[in-house]
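Right, one structure below, let's go through it.
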Amino acid sequence: MILQTEKLTYKYPNSHGHTAVDQADISLHKGETVGLFGESGSGKSTLGLILAGLIKPTSGMLRHNGEKISAPYKGAHRRGIQILFQHPEISFNPALILLKSMTEPYNIYALPYSYSSLLEYLKHYGLYEEHLYRTPAQLSGGELQRAALARILAIQPEVIVLDEPTSMLDVITQVQIMNILKDYQSKNNVSYILISHNRILCEKMCGRIYKVENGVFTEEYGRPTDK
Amino acid sequence: MLEINHVSVEFASENRVLAVDDISIRLPDGSRTAIVGETGSGKSVLLLSIVRLLPRNAIVRGKIELDGENLLSADKKRLQQVRGGVVSYVPQGGGASMNPLLKVGYQVGEPLIEHKNYSRSQAVEASISLMKRFNLLNEEKLARSYPHTFSGGMRQRAMVAMGIAAGPRIILADEPTKGLDDKRVRLVADSINMLKEETLLCVTHDMSFAQAVSRDICVMYAAQQVEFGKSEEILNDALHPYTRDIINAMPENGMRYDDVGFAPAHGSYLNHSDGCRYRDRCRERSEKCVIMPPVFDVNGRKVRCWKYDSAN
């Protein structure tokens, strides 16, 4: 089990005790994709933020590879658990050209790269030299989301929380991103948590699905598990 | 009648960016048209060019005629009358589209103060009844609330209410359902479909939403119009290979799409060689596609693809 939560709960401070995540017990195995499916406001993104270590739960426990962890993550936990947001533009510094943003993970984790190896790598994501000298505002939503994904995959995480990664994008770009994700998973055995309000997308991508209603996470059984 | 006539938009920056390339669409009174295409295809820029809300470095060519009057040469004063009063632009309902410091009731009614000389309290009254028309529920309370307390779907419907407040004849809606879940998409579609008399031009990347609100669909790819036709015909029998790819890639159709390639860097078509812009990704390309295809007429439908060249 790569990720496991026990009675994970999040209550918003100062919002009349509203419980966004209510005692969630979810599990994630190596190499699988688990879906969190629900309407907007149901609490699925809040759980995603907790799993990614960006907010602290009010109560409950979270384990990564059996080890108890709490935000802010450090070391292997930090590198191992990544998140891809719905709005790719918030993942990029608006003042930097893409080249600077794309080299950040290599610099942070002291990974070897060269300009030409970076260009070769980005080709798989449909990004070319001409994209690298543009700022985020000069790139389309699909281009930015592919860049955000390329940047995450460059550090080879174990778990990626995908928070509505394609709900702002057209259907072809959506399929392209899903294809990149599936391809990477089959080669690297990475695990995904796919947060989506689209049932068909969840069923297409996920082996297991948790249905989310008013902060309550319920696993759905009896579904075919082929992807 | 709004007529978009050979409109091109270019941004003058270090590298010239062509965002809209020679688009023509006729919008007779009461027509309902959706512009469908991926992000960066130029559809939002086209909408903004109609109400002249583009940044200063934008160069717009062609004509945009409102009942024969070219809006591209209208002066500031005339544009103020047109915006909101005759042609209303409804922006995406994301966080930045409303003033966070003003109560929603006032914001929704503001076009009435601007165009119909309403007092502030009259405008708030009117905005409550507008929101009631779209079933936002608890409208009196909502009118006294600030935008951050609204969910995305509510904010989007409030934006539509604001757009129609001063009784414009033409509504331009920019991605009114982006990021919303299915239930909220239906609510927004219902709200838009309540507008029976107005002319609608709606930009979206969601083909099923386009079908729900429009009678005609214009498909854009890489700044150009590649197909135009009745919504039903497009959904059931698309002509252009790109339109067919979109329809097959829809989740409800099984997300059938094999990567052939990615779109060219958006706006960079000026640097690309001539020829059909979809050809690198097209499964049906032929040798002819290195030449830019013109728009062919196929039984009253328009399609920019050599497959439909009657000279074949």
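The values are calculated or read from the model by the stated rules, or taken from the named source; none is laboratory data. None of these values were measured; they are calculated from a predicted model. Because the Cβ atoms are built from the backbone with ideal geometry, glycine has one as well, and the counts that use them run over all protein chains shown.
Data table
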quantity: Matching residues in segment B:174-185 - criterion: being more than 19 Å from A:LEU169 (Cβ to Cβ) and away from chain A (no Cβ under 12 Å); calculated: none
quantity: Selection within segment B:1-11 - out of contact with any strand residue (DSSP E or B) (no Cβ under 6 Å at 6 or more places or on another chain) and within 14 Å of chain A (Cβ to nearest Cβ); calculated: none
quantity: Checking A:LEU118 against (1) more than 14 Å from chain B (Cβ to nearest Cβ); (2) in a helix (DSSP H, G or I); (3) hydrophobic (A, V, I, L, M, F, W, C); (4) in contact (Cβ under 8 Å) with a residue 60 or more places away in the chain, the condition it does not meet; calculated: (4)
quantity: Test for A:LYS56: is it surrounded by fewer than 17 Cβ atoms within 10 Å (Cβ to Cβ), away from every other protein chain (no Cβ under 14 Å) and closer than 22 Å to A:GLN185 by Cα; calculated: no
quantity: Test result for A:PHE85, within 14 Å of chain B (Cβ to nearest Cβ) and either crowded, with 19+ Cβ neighbours inside 10 Å or modelled with pLDDT of 90 or more (or both); calculated: yes
quantity: Pairs, first closer than 20 Å to A:LEU144 by Cβ in segment A:177-189, second basic (Lys, Arg), C-beta under 7 Å, six or more apart; calculated: A:ILE177/A:ARG146
quantity: Residue among A:THR58, A:THR19, A:THR5, A:THR9 that is in contact (Cβ under 8 Å) with a residue 24 or more places away in the chain, farther than 29 Å from A:GLY142 by Cβ and in contact with a Leu (Cβ under 7 Å, 6 or more places away or on another chain); calculated: A:THR5
quantity: Selection count where residues are among the aliphatic types (A, V, I, L, M), within 9 Å of another protein chain (Cβ to nearest Cβ) and over 22 Å from B:LYS178 (Cβ atoms), scope segment A:121-141; calculated: 1
quantity: Residue in segment A:168-181 that is surrounded by the most Cβ atoms within 10 Å (Cβ to Cβ), counting only those that are within 9 Å of chain B (Cβ to nearest Cβ) and among the aliphatic types (A, V, I, L, M); calculated: A:LEU169
quantity: When residues of segment A:182-200 are limited to those that are away from chain B (no Cβ under 13 Å) and not in a strand (DSSP E or B), the one surrounded by the most Cβ atoms within 10 Å (Cβ to Cβ); calculated: A:VAL190
quantity: Yes/no for A:ILE209 being aliphatic (A, V, I, L, M), part of a strand (DSSP E or B), away from every other protein chain (no Cβ under 14 Å) and crowded, with 18+ Cβ neighbours inside 10 Å; calculated: yes
quantity: Answer residue from segment B:149-187, given it is of a type in the set (A, V, I, L, M, F, W, C) and assigned to a loop (DSSP other than H, G, I, E, B) and is nearest to A:GLY38 (Cα to Cα) among those; calculated: B:LEU180
quantity: Odd one out for A:SER70, checked against (1) modelled with pLDDT under 95; (2) of a type in the set (S, T, N, Q); (3) part of a strand (DSSP E or B); calculated: (3)
quantity: Residue tally, condition within 12 Å of another protein chain (Cβ to nearest Cβ) and either more than 11 Å from B:THR33 (Cα to Cα) or in a helix (DSSP H, G or I) (or both), over segment B:188-223; calculated: 10
quantity: Selection from segment B:151-173 of residues that are in contact with a strand residue (DSSP E or B) (Cβ under 9 Å, 6 or more places away or on another chain) and within 17 Å of A:MET168 (Cα to Cα); calculated: B:GLN156, B:ALA173
quantity: Segment B:21-52, residues that are within 17 Å of A:ALA137 (Cα to Cα) and away from chain A (no Cβ under 14 Å); calculated: B:LEU48
quantity: Lone unmet requirement of (1) in a loop (DSSP other than H, G, I, E, B); (2) out of contact with any His (no Cβ under 8 Å at 6 or more places or on another chain); (3) not polar (S, T, N, Q) for A:LEU169; calculated: (2)
quantity: Residue check for B:GLY40: under 13 Å from the mean Cα position of the chain (by Cα) and over 16 Å from B:ALA173 (Cα atoms); calculated: yes
quantity: Yes/no for A:LEU162 being surrounded by 23 or more Cβ atoms within 10 Å (Cβ to Cβ), closer than 22 Å to B:ALA249 by Cα and more than 14 Å from every other protein chain (Cβ to nearest Cβ); calculated: yes
quantity: Scan of segment A:137-148 for residues that are touching a helix residue (DSSP H, G or I) at 6+ places or on another chain (Cβ under 7 Å) and either outside any helix (DSSP H, G or I) or closer than 19 Å to A:ASN107 by Cβ (or both), ordered by number; calculated: A:LEU139, A:ALA147, A:ALA148
quantity: Residue match in segment A:12-29 (condition: in contact with a helix residue (DSSP H, G or I) (Cβ under 6 Å, 6 or more places away or on another chain), of a type in the set (Val, Ile, Thr), closer than 18 Å to A:ASP163 by Cα and surrounded by 22 or more Cβ atoms within 10 Å (Cβ to Cβ)); calculated: yes
quantity: Where A:LEU144 falls short, out of the listed (1) within 14 Å of chain B (Cβ to nearest Cβ); (2) out of contact with any Asp or Glu (no Cβ under 7 Å at 6 or more places or on another chain); (3) within 17 Å of B:GLY179 (Cα to Cα); (4) modelled with pLDDT of 90 or more; calculated: (2)
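Rundown of residues vs (1) assigned to a loop (DSSP other than H, G, I, E, B); (2) buried (at least 16 other Cβ atoms within 10 Å of the Cβ), yes/no style:
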{"position": "B:ALA34", "(1), (2)": "no, yes"}
{"position": "B:GLY40", "(1), (2)": "yes, yes"}
{"position": "B:PRO55", "(1), (2)": "yes, no"}
{"position": "B:ILE64", "(1), (2)": "no, yes"}
{"position": "B:GLN81", "(1), (2)": "no, no"}
{"position": "B:TYR89", "(1), (2)": "no, yes"}
{"position": "B:LEU101", "(1), (2)": "yes, no"}
{"position": "B:GLN107", "(1), (2)": "no, yes"}
